[in-house]
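Readers should treat all values here as calculations from the given coordinates under stated rules, not as data from a laboratory. Just so it is clear, the structure is predicted and the values come from calculations on it, not from any experiment. With ideal geometry, Cβ positions are generated from the backbone for all residues, glycine too; neighbour counts draw on all protein chains shown.
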Amino acid sequence: MASGQPQEIDIQNEQSLNTLVRAITLAQNQFALILVRCNYAQLRDRITIHLQERCPFPVHTLTLPESAKTLYTTIQTEIKGWSDEGMNQWSDEEIPSVSSPTPTSP
């Protein structure tokens, strides 16, 4: 079967999902920022549903808008008000420094 066939892509997506679930599970009770990129919104939605089904605890997801300029500010704005066992409140001093490349215009 040639690379890129739908069945092979499904297998690769399944392996990636298993790796993601394992990483999230291993990071339980620790601060972890795990970035995942999906090429298609429909795929992202399917992965999110499967992720929620497979993880042994609640997982918060955040979709960054295309207009996002900085990762830190976007995340900080979006997580305000999240509070349950799956989310701890972090002060600015407790959050590890995250630098992101500045987006370039086409």
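Between residue 48 and residue 11, 0.36 nm times their residue separation minus their Cα-Cα distance comes to what?
Extra length from residue 48 to residue 11 when fully extended: 11.6 nm.
Taking R0 as 22 Å, what FRET efficiency do you get between residue 34 and residue 66 from their Cβ-Cβ distance, rounded to the nearest 0.05?
With a Förster radius of 22 Å, E is 0.60.
Going by average Cβ neighbours within 10 Å, how do the peptides 12-19, 43-50, 31-38 rank, with the highest at the top?
Highest-to-lowest ranking by the protection proxy: 43-50, 12-19, 31-38.
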